[in-house]
Every structure is written in C-alpha cells, then in structure tokens.
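In what follows, a single structure is set out as structure tokens and then discussed.
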Amino acid sequence: MNFKLVFRLAGRVLLVEAAAMLLPLAVTLLYRENPLPFLIPIPILLAVGLALSALKGKDSFFPREGFFAVGLIWLLIGFFGALPFFCWSRLNPGSGLFPHFIDCFFESVSGFTTTGSSILTAVEPLPKGILFWRSFTHWLGGMGVLVLALALLPSMGSRSLNLMKAESPGPVVSKLVPKTSQSSKILYGIYCVLTGAQVIALRLAGMPWYDSVVHAFATAGTGGFSTRNLSVAAYQSPAVEIIITVFMLLFSINFALFFLVLCGKVKQALQSDELRFFLLVVAASTLLIAFNIAGYYPEGGALRHAAFQVATIISTTGFASADFNLWPEFSRCLLVILMFIGACAGSTGGGLKCSRVLLILRCIKREIRRVIHPRSVNVVKLDGRVVEEDVLCSVLIFFAAYLFIILGASLLVALDNFTFGTTFTAVVACISNIGPGLEMVGPMGNFSAFSGLSKLILSLCMIVGRLEVLPILVLLSGTAWKRS
Amino acid sequence: MDIVIAGDGKVGFTLAEHLSQEDHNVTIIDTNDEALKRASDMLDVMCVKGNGATLSALQEAGAGKADVVIAATSMDEVNMICCLAAKRLGAKYAIARVRNVEYAKELSQLKKDLDIDLIINPENATAVEIARLLRFPTAANIDTFCRGRVELVGLRLQEGDFLCGQPLAGLDHRVRALPMLFCAAERGESAIIPNGAFVPQPGDKLYLIGQPFGINQFFKLLGRYTPKIKDVFIVGGGRIAHYLTAALEHLGMHVKLVERSMERCRQLSDMLPHTLVICGDGTDQELLESENVGACDAFIALTDRDEDNLIISLYALQQKIAKVIAKSNRQNYAGIARSVGLDSVISPKLITASQILQVVRGMQNSKGSVMNALYKIAGGQAEAMEFVVSEKTRGLGVPLKDLKLKKGILLAVIIHQNQVVIPEGSSVIRAGDTVIIVSRDKVILDVNDIYEDRPADAVEGAE
C-alpha cells in the first residue's frame, strides 16, 4: 500500500471539503447567524488537508490504492463533516440536540452517504446554516466527493479511474468520454443543471427560496434531510409533492442515460433494460399500494401518496409526505422490498441497484434452464450485450455480502432490545442509504434512541452501502495495510 | 484531439499510453475483453468492445468526429476496412498498419483507393532502422534529422575511453571544435541531460548530436571507427528479415539467412536470389559455428521469440562480431540486454508507435511550430524532436544565455538557412529556423513549451 499517495489524495479531498463549507458559511452570514460552527472547522480542515497534500511519494497507483483511499477518505470526510454540528452543539448546550460526538458523526455520515437518517428529535430549532450544511452534504456525497475532486483538481494521472470505480455505484463503471476528469465534469454538469431546475420548480410551486434549495440538494443526492420536522408533509402542497416525486425518480436514473439524451440518442436511452425495469417496478408498486391504501384516504390522494412513498423509497431519498408506518402490512412489506432494490446504477441513489437485481433474476432464470437442459450454454445479457461471467460473479457476491452485512449488523443493533421491525429496517434503511425504516425509525421517528455502539454500526453500514461494500472491506483487510 | 485506436495489441496499447498522456481523448476498440480491461485499468482511455471494422463499433467509439483513426489490429484487411469505414463516417485522418509483403507492393494504389492517409508497415520500418544501423556500425543506434544533415548517435562508453573520468567542460579543443554536442546520457536506468560538469563513466551510454562529419571525426578520435560492413548474418526469416535482406542486397552487402521452416526458405530464396538461405535452427550453436558466424561483420537476430534473440545475440557478442543487433518487443528485456553489453536492441513496437506519434503530434502542431521528427532515446526516457520555428515562437532573436529553459531540456542544434549551428550562449533563434530539442521526461509539443513560464514583462522584452 502506497500510504503517502493515499494520504495525499485524502488531503486534497479535505481541501475540497473545506471549500464546500464556505457555502454554508455564506448562508450563516446571510441570515445573520453565528458563523462560528463553520469558522472553527474550516481552518482545521485546511491545516490537515494542506499537511497531508504536501506529502511527497511515488505516484504508483493500483486498484488496491484506489479502493483503500476511497474507504479511508469517506471515513475522514464523515468525521470532519461532523465538526460543524459538534461546534454548534457545544455553543448551544441547552438545545439537547447532538448530545455526543457520535451523534454528530452519525448525522454527518448520514448526510454524505445520502442516507438521510437523523438522530435529531426536532430539526426546526436548528439554525439555517446548519440545516443547509446537512442538506449540502447530501448533494456533495450523492455524486461522490472523489468524483468532484477528480473534476476540480489537476489530473491524478491515468489510473484515476480506479477511484471513480470505487466510488461510483453499479456493477460496471464506464466512462462517458475518454478522459476521467472530463467524465466527472460532465456528470457534475448534468447534476447541477437538474438541481437548478428543481430549485426553480419548487420556488414556482410556492416554497421559499431557502427551503427550495435545501430540498433540491436533499433530492439531488437522494438524501432526504428536510428543514421541517414533518418532512415534505409539512408543506401540505400536492404541487410540491409531485415535483419532488418526479425529481426523486429523475435522480435515481443512471446519469449516463441523460448524457445519451444530450447526445441526441434518446432512443438508445429509452431502450435501457435497467430503466425499463426501474419504471416497471415503480409503476407496479405505486398501483398496488394505491389500491391497498385507498381506504385510508377517502378524500382522494391515495395515488399521489403511493407514488411519493414509492419514489422516496426506491430512489433511497427518504422524504415523507405521509406516515407510511401506519399503512396496511402489505404496503409496508412492499416498501421494505423496494428498499432492497434501490435506484439504478450510476445514479445518486443507493440500494442493491436495479441492474444488479435484474442480473440476479436473469442468473436465476439461467440456472433453472441449466437444470432442465444440463448441457445448454446460455449467456446473460443486459442492454443486448453479453455480461461477462466475472461481472455476474461479482454481482452475486455483492448480493451475498450485502445480506451477510445486514444480518451481522442487525444482530449487533439488536443488543439495544428494540423490536425486530425497528432493528431490521433501521439496518436496511442505513445500508441502502434510504433514511426512514418502519416502526420506531419510521418516517416520523428518528434514530436518537439507539446506543452509541448501534449508531457507530449504522454509520459504518451507511458508508458500506454508499461505497458498495468492497472499499470498506478492503480497509478492514489486514493485507491491505502492508507497506509497499 | 479525439483519437480512435482499433486494436489493443502491443502497438495499440503503446500508442494509447503515449497519446492519452499527451492529453488526447483516446478511445480503444477491441474484441478481447481482457485486453480492454487492462487498458481501462491502466490508462485514462475509453474502451469499446467490438470489431474495429464494423460501422456500429466505430460509431460507438465516435470515429465520425475523430481527428485520427489508427487501425492497428493484427489483420491487415480489418485495418484497411476500418480506415475505409472510419473515413466514410467522417474521420479526418486514417492510419492503417499493413504488414503483408504482397500488399506492401501496392501501397500507393491502396492508399488512393481506400482513402487511407498513412500506411505504416512495422516490419518495413524496423528493417529500414536496422539497415541504417548497419550503414553506421560504430553507433549503438542512430537517428537522422533534417534529411540526414544532422545525426543523433548513441554510443556505449568502455573502460579506457579518453572521455571517461573527466568533466565534459575539460575536454580538449580537438573534441570541442567538432560540430557536435553531447545531448543526453543514460546511466543505469535513468536519463541525464549533461552539462559541462557531467563526468562520463564507463558503461554510460552517450548520445551525440551533430553533423555526420563531426560525429565520424569523433569516433576516429575515440579509436572506435569500424570499417564498413560487408557480410551480414541474419537468424530468423520473417517479414523483417525479408525487407531487410532486400535492402541490404541493394546496398551491396552479402547476406546469410537462417530460417527454420523449409517452405519459408524456398519462398525466401525465390524472392531473394542473391542471398544464401540456410534451412536450420538459428539458435543451434553448432549450425552457427559450421556456417562460420565469427567471420561475418554483423549479426542480426530476428526470430519471433525475444528470449531466443537475446541469447543468440549474446553468443554472437562472444564471437567478437563487430555489430550485433537483436529484436525484442519487450522493453524490460532491452534493459537487461543493455546491462550485459548488447546495445542495439530494436523494438518494432516502439518504432511503429513513435512513427505514428510523430504524425499525430505533427498534425496537432499545425497551428504552432511544426514538428518534423521525433525519436525516443535513452530507453524511451528522453525524446529528441525537430521543430520548425514559426513567427509565434517566443524568444526570437534573444541570445540563448538570456533565455530561461525548463530543467531537463536542451536546445541541441539550430539550422539557420541550411547552416547547422551547435548553439552557444550568443546564438539566437529566428523564425524559419529548424531546431532540434532534447527533452527528458517532458512532453514538448511546441517550441514555446521549452521555456520556463515567466512573467509577462520578460516575454515582452523578448519580443
């Protein structure tokens, strides 16, 4: 392991994070709030970032450095991103929010991993600057902090794809254009334009500017932090709910498809197997749930609420326009299944990813065929292309690892002695980067009652889910720590 | 520039490596997943799986908008169709690798009919390179600039050479008066751009640049002048051997060619009537001895196995043959070979790649100063380049001693109105001159790239 290179890279990303804190700092100044929660962490980040990025060493860069660096960097940005919360809570000891540093860490990791789970019992007492930072971490983490660093910082050389690979969701990572740095610029370009469009749409629907920006950031990253205790339900506005539903779905589509549309290849984009599967799942579950909950909403709106909840869960955002915890068991169960499926690969959403689910289903189908015709040779295809056997294998392994991690984490969280529904859905909601689960951690609940250990486990689950398991496992493997 | 490379083999990979490092947008097409995976892991390029000759693969790779399409798959026909299709899609420049000897004779017609802008024949290029080495046997390698008016020669220093052990600045006037310059040195694995304080040591490889006359004189002073080569012994009867033998026959040399396959021997003896073709195993010492290898002036190992070539070359070196050349496509073997005294190791892959690179860089530079030639020296760690100075070049008319060049860059030769000048502190560059620049591990695409970026006032002063 080339530690100097990894730390230099980490230093650069911390500098980017320091720069990102300037935006909430500006917000605190704009609303005449106390800027100290940001004025304290920024110099710390600058000092650590500059010290680390000044390290000199060989530039030899291999996949293992890529995975290792990504895992480590996400832990670091989660840690440093918690500092504003920590500073604020120490400046306002009477608030009772953020009682321990682990709560700040949980909130920050939940932000960067676009989970949106919160340990806050109430968000409305928080100043605008802090709430802005909370949602802005969603926006930064959605597309990937390293991808941003790749777009902004001078080229890391020809091996930088290793970083993008480790950070981007999905079974296969392909570039849009030959240069990695240009690819990341295009991705961020699409991301910014869509976010801007949503801010304007929300403003037109009657939301104040500040709320529009914060909700747009939270939607873009498919995070789910809101400025209200009741989340989106607080606005009581069907227009806002519909806009957010549409944008949640847009942000959970593979960004490469937007690039295809931009290049005028609309037909090719619409033929994507993953997109079709995703839309099919969304449409089917919306209809089923709407039918199931029709009795709860005699005055109408069942379809709208069903669509919003399906979108918020499958896109792994985690807003709420209704308390689905109170819905009938069939709907609740369906939503938990959607938690596993998650968004499309190459989007900002989490979960297993539609393309993986699709590949797993096709593998199963192939296996059945093999049993019936033992000598038959079958290939699995996606978008008309043959999927390599090692990709299939990695998808299946990913699925298995994901399940094992969920089981293991649930066991540890169960030490807190909450119900099975709470424990299990809390872990699933964290590892799939959704936010709310069922029962105690339902859309109107929060994670504050968990113990420190559970909060740490759940924070790690969020990073494991966001980075798709491997980078964190690499970080935990002893051989990766050997010097090179 | 947008560059599409069809074929991710040895040449395709090397090209992609260099071109992507020079900030071009490179897309590779290949049918082999493993090769593509390797390229996408190691290089900043995009990979497209498919047959490079199909329209769909070319379209997916964006060949229609590409500035250059390079077809370097293993099959000539695929390469030609690839270029044809890419040109039809709208590619601006198409380069095909065509190696079949039969096509080689019809190249000009093919180029016209298929609308291919450049055809590269690696075997022929390698043969030309070897033939040039044989014409000037003292040097380990030789490159020419400005239509042969300037030569760049590499030479391995031996124990007892008068150069060793004293700084270059302390050489006597007989050497310093010669129209030549020490422009690079290779010591171990690293390349050095020498200055006056550089002390050559035995085992270093020195690169001299200058007029052929000056370099010949220098070799005479060094006592290393080898008489002309008359008898050449070639092992391996592939395409390179065929092209080379034809060229050497033309130069009036006698060639003995050893080839293993009887059928190929018959073909060769049909095509090369003046050559003695021997059917046998060229790696067999007994055969070599019975054919009296020791008596020939040059020994060239061209079998298709790098390892065999290196081993029999070492044997030839032992037989005190004046000039031994081995073909090796693997760069790391070349390093090992150099350490045991085998200096002339030729890599067809590198020769092809540097030929294509030269073309691509030349196209890119059509805005600024034009690059005429590029050679990789010192094991690929340094480059020597020939540029034509344009009006836009900075620092015109300023004495060199007042110009601040980047580290590791040497302005080696200025050709002013057909006069070869070895620059001194008082020399100046003028528009229309040709300059030869030697650079260590920096990419120079324009003469302006050699200057240290300076404040604007200094630049204004220069103009």
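The charge dipole of chain A, taken about its Cα centre with unit charges on the Cβ atoms of Lys, Arg (+1), Asp and Glu (-1) only, comes to about 1600 debye. Protection proxy ranking for A:442-452, B:20-30, A:292-302, B:273-283, using the average of other Cβ atoms within 10 Å per residue and placing the highest first: B:20-30, A:442-452, B:273-283, A:292-302. Phi angles of region B:12-21 translate, via the Karplus equation with coefficients 6.51, -1.76, 1.60 and θ = phi - 60°, into HN-Hα couplings of x, 5, 4, 4, 4, 4, 5, 5, 5, 5 Hz per residue; Gly and Pro are given as x. Under 18 Å of direct C-alpha separation, and excluding same-chain neighbours fewer than eight residues apart, residue A:185 reaches these aspartates and glutamates: A:17, A:167, B:2, B:23, B:44. Computed over every Cα-Cα pair of the protein assembly as shown and binned at 10 Å starting from 0, the pair-distance distribution P(r) comes out as 2, 10, 17, 19, 16, 13, 11, 7, 4, 1, 0 percent. Checking every one of the chymotrypsin sites (Phe, Trp or Tyr not before Pro) in region B:144-206 against DSSP loop status and a limit of 15 other Cβ atoms within 10 Å picks out B:162. From largest to smallest, the equivalent ellipsoid semi-axes obtained for region A:191-311 from the alpha-carbon gyration tensor read 25, 22, 10 Å.
Once backbone amide H atoms are built at 1.01 Å from N, residue B:6 has B:29, B:70, B:71, B:72 as its partners under 5 Å, excluding neighbours fewer than 5 places away on the same chain.
Could you work out the relative contact order of region B:138-222? I mean the mean sequence separation of Cα pairs under 8 Å and 6+ apart, divided by the number of residues, in percent. The normalised contact order for region B:138-222 reaches 37 percent. Taking the helices alone, chain A has a mean residue ellipticity at 222 nm of -20000 deg cm²/dmol, built from -39,500 (n - 2.57) per DSSP H run of at least 4 residues and averaged over all its residues.
In this Cβ point-charge picture (+1 for Lys and Arg, -1 for Asp and Glu), region B:2-120 has a dipole of about 320 debye about its Cα centre.
Within the straight-line cut-off of under 28 Å between alpha carbons, the lysines reachable from residue A:128 are A:455, sequence neighbours fewer than 8 places apart in one chain being disregarded. The three principal axes of the C-alpha atoms in region A:239-376 carry coordinate ranges of 57, 41, 22 Å, sorted with the longest axis first. Calculate the length of the line joining the C-alpha centroid of region B:100-152 to that of region B:275-312, in whole Å. Value for the Cα centre distance between the two parts: 24 Å. In region B:2-120, the alpha-carbon atoms span a convex hull of 82 Å³ per residue. Peptide B:390-397 shows a mean partner chain C-beta count of 0 within 10 Å per residue C-beta. Which net charge results for the neighbourhood of residue A:482, defined as the other residues with beta-carbon distances under 13 angstrom from its beta-carbon, given Lys and Arg at +1 and Asp and Glu at -1? That works out to +1. When the Cα positions of A:295, A:460, B:200 are compared along the charge dipole of the protein assembly as shown, A:295 comes out farthest toward the positive end, with charges on each C-beta of Lys, Arg, Asp and Glu.
Listed peptides A:107-113, A:96-102 appear in the order A:107-113, A:96-102 once ranked by packing, highest mean of other Cβ atoms within 10 Å at the front. Normalised by residue number, the volume inside the convex hull of the Cα atoms of region B:138-222 is 90 Å³ per residue. Please identify the trypsin sites (Lys or Arg not before Pro) of region A:322-389 that satisfy two criteria: DSSP loop assignment and at most 16 other Cβ atoms within 10 Å. Which are they? Answer in residue order: A:375. In whole angstrom, region A:186-252 maps to an equivalent ellipsoid with semi-axes of 19, 12, 11, each derived as √(5λ) from the alpha carbon gyration tensor and ordered largest first. Could you work out the relative contact order of chain B, using alpha carbon pairs under 8 angstrom and six or more residues apart, expressed as a whole percent? Relative contact order for chain B comes out at 11 percent.
The orientation-averaged projected area of the convex hull spanned by the Cα atoms of chain B comes to 22.8 nm². For region A:143-149, putting each phi into the Karplus relation 6.51 cos²θ - 1.76 cosθ + 1.60 with θ = phi - 60° gives couplings of 7, x, 5, 6, 4, 5, 4 Hz, in residue order, rounded to whole numbers and with x for Gly and Pro. By other beta-carbon atoms within 10 Å, ranking A:380, B:398 with the fewest at the front produces B:398, A:380. Sparse packing (at most 11 other Cβ atoms within 10 Å of the Cβ) combined with a DSSP loop state is found for the following trypsin sites (Lys or Arg not before Pro) in region B:243-348: B:320. Counting, for every residue in A:106-119, the Cβ atoms of other protein chains within 10 Å of its Cβ and taking the mean gives 0.
A simple charge model with +1 on the Cβ of Lys and Arg, -1 on the Cβ of Asp and Glu and nothing else charged puts the dipole of the protein assembly as shown at about 420 debye relative to its Cα centre. Think of it as helices only: each DSSP H run of n ≥ 4 in chain B is worth -39500 (n - 2.57), and spread over all residues that comes to -10000 deg cm²/dmol at 222 nm.
The alpha carbon convex hull volume per residue for chain A rounds to 154 Å³. Within the same chain, lysines fewer than 8 places from residue A:56 are excluded, and of the rest, those with a Cα less than 23 Å from its Cα are A:4, A:482, B:406, B:407, B:442.
Quick note: the coordinates plus some simple rules give every number you see, no bench work behind them. Values in this document were obtained by computation on a predicted structure and should not be read as measured data. Virtual Cβ from ideal backbone geometry, glycine too; neighbours counted across all protein chains shown.
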